[in-house]
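Each remark here refers to the structure printed beneath this line.
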Amino acid sequence: MVFGKTLKGLFLTCLLAELTPVFAKNSSELIYAEPFDLAAGGSVLTRASQEGVLFGNPALLPLGGAYIRWIGLETNFILDRDLAEQGQKAFQSPVNTDNSAYIDKLFNQSIHLGQSASLSVVSKNFAISLYDRLELDVEGSRYDNGGLPTINFGGEAYAGAMVSSAIQPLDWFSIGMTTKYLYMGEPDIKIPITDTTRLEQLLDDPSSLKDEVQYGKGIGTDIGTLFLWQNRFVDLSLGVKVEDMGGTKLSNNQESLPQTTHVGVGLAFHGMTNVLHLSLDYRDVTNEYQEKKFKKIYAGARLMLFQHVGLAVGLYQGIPTCGVRLDAFFIKLGITAYGRELGNYPGDKQRNLVSVYTSIGF
């Protein structure tokens, strides 16, 4: 597939350039988010879907009537919305240094694409998930590298395993813990547009520099709690999560992931088969990542109809999100439109994305 070849080419280019290939995690965003949760603005401390519980708040595990909540595989493809509208022609050549029109376009429009996948078992008190996520971002800059135009390659590559357990000692309180193994890197590479030899070398034989690639590896722990008040029709919840307790140390001299604290509130209205859940999360209360406040706020609404149709809207870092999910017995299909701000202020490096995903399991 053209999409797969493009993704592979960009991935290898991003990882195998001569500059330092790996940097530490630089945001309080989740390393992995279930796509329907993204449609609800990425708010996960008081409500999360399927394996999203492990990454959002393990204290959510005991909630719900079924003992087995999910066993299955989910795959997800992420694409810039503008590129999705242009179709296959947008992917004919990820980097063509002989095409001046393409280079000019890069200065005005970025390329962002990626994929994620997870294989998970989620029960009422225990869960395990194997996951990977890769997102790539390419844009042209006219003034980097001492005033010379450059092509900037950015990436987020995560893989690993999550193991969670939780108990609900009181009707109004649950607590959970996640132990995680991380294999991660966030490349940030700038290549002058004049270095055509270097760009062509990477595309023609990217494996020639594979020995230079290094990833950070580490084991960390998250603790989550949930305070819940509920009656027949209304639930009110407060979620608190401490992520990377004591800091998560990484190999290869990568910076440790700092301990962060997140707080969320939720309000749910439910009947026999339909549920409306409103939620608001504020991440990194102590500002360990030194991000602007707008990048810490995640809010959304989820409406589940007849246990088979899910609708969601929200705000992810102030950017509108929406999505729909259909549950058809062993197959789940969904699409999410959302955005991310990769810069330091609203509209700096905003990426408008679409996520198409499918799950097979029960």
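The values are calculated or read from the model by the stated rules, or taken from the named source; none is laboratory data. Not measured: the values here are computed from a predicted model. As a convention, Cβ positions derive from the backbone with ideal geometry for all residues, glycine included, and neighbour counts pool all protein chains shown.
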So residue 181 passes all but one of these: (1) touching a strand residue (DSSP E or B) at 6+ places or on another chain (Cβ under 6 Å); (2) surrounded by 16 or more Cβ atoms within 10 Å (Cβ to Cβ); (3) at pLDDT 75 or above. Which condition number does it fail? (2)
Quick check: is even one residue across segment 319-336 acidic (Asp, Glu) and either more than 18 Å from the chain's Cα centre (by Cα) or surrounded by 21 or more Cβ atoms within 10 Å (Cβ to Cβ) (or both)? yes
Mind checking which pairs have a first residue in segment 335-347 that is free of Cβ contacts under 8 Å to residues at least 24 places away in the same chain and a second that is part of a loop (DSSP other than H, G, I, E, B), Cβ under 9 Å, 6 or more apart or different chains? 339/317; 339/318; 343/349
Scan segment 276-291 for residues that are buried (at least 17 other Cβ atoms within 10 Å of the Cβ) and either hydroxyl-bearing (Ser, Thr, Tyr) or closer than 17 Å to residue 39 by Cα (or both) and jot them down. 277, 278, 279, 280, 281, 282, 289
Tell me yes or no: at least one residue of segment 292-307 is hydroxyl-bearing (Ser, Thr, Tyr), buried (at least 18 other Cβ atoms within 10 Å of the Cβ) and within 16 Å of the chain's Cα centre (by Cα). yes
In segment 30-45, how many residues are closer than 22 Å to residue 184 by Cβ and not in a loop (DSSP other than H, G, I, E, B)? 3
List, please: which pairs have Cβ atoms under 8 Å, are six or more places apart or on different chains, and start with a residue in segment 242-270 that is at positive phi and end with one that is in a strand (DSSP E or B) and of a type in the set (Lys, Arg)? 252/217
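Here is a yes/no grid of residues against (1) hydrophobic (A, V, I, L, M, F, W, C); (2) at pLDDT 95 or above; (3) over 27 Å from residue 27 (Cα atoms):
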| position | (1), (2), (3) |
| --- | --- |
| 164 | no, yes, no |
| 176 | no, yes, no |
| 185 | no, no, no |
| 188 | no, no, no |
| 194 | no, no, yes |
| 200 | no, no, yes |
Segment 61-79 residues that are assigned to a loop (DSSP other than H, G, I, E, B) and surrounded by fewer than 18 Cβ atoms within 10 Å (Cβ to Cβ), paired with ones that are at pLDDT 90 or above and not basic (Lys, Arg) (beta carbon under 8 Å, 6 or more apart): 67/123
Of all residues in segment 306-334, how many are touching a residue at least 24 places away in the same chain (Cβ under 8 Å), part of a strand (DSSP E or B) and not small (Gly, Ala, Ser)? 11
Scan segment 276-319 for residues that are at pLDDT 95 or above and polar (S, T, N, Q) and jot them down. 279, 286, 287
For segment 338-346, does any single residue satisfy the condition of being under 27 Å from residue 243 (Cβ atoms), at pLDDT 95 or above, touching a helix residue (DSSP H, G or I) at 6+ places or on another chain (Cβ under 6 Å) and surrounded by 14 or more Cβ atoms within 10 Å (Cβ to Cβ)? yes
Given the residues 355, 359, which is the only one that is within 16 Å of the chain's Cα centre (by Cα), part of a strand (DSSP E or B), surrounded by 15 or more Cβ atoms within 10 Å (Cβ to Cβ) and of a type in the set (Ser, Thr, Tyr)? 355
Would you point out the residue of segment 224-258, among those that are of a type in the set (S, T, N, Q) and part of a strand (DSSP E or B), that is surrounded by the fewest Cβ atoms within 10 Å (Cβ to Cβ)? 230
Considering (1) under 26 Å from residue 154 (Cβ atoms); (2) polar (S, T, N, Q); (3) modelled with pLDDT under 95, say which one residue 273 fails and leave the rest. (1)
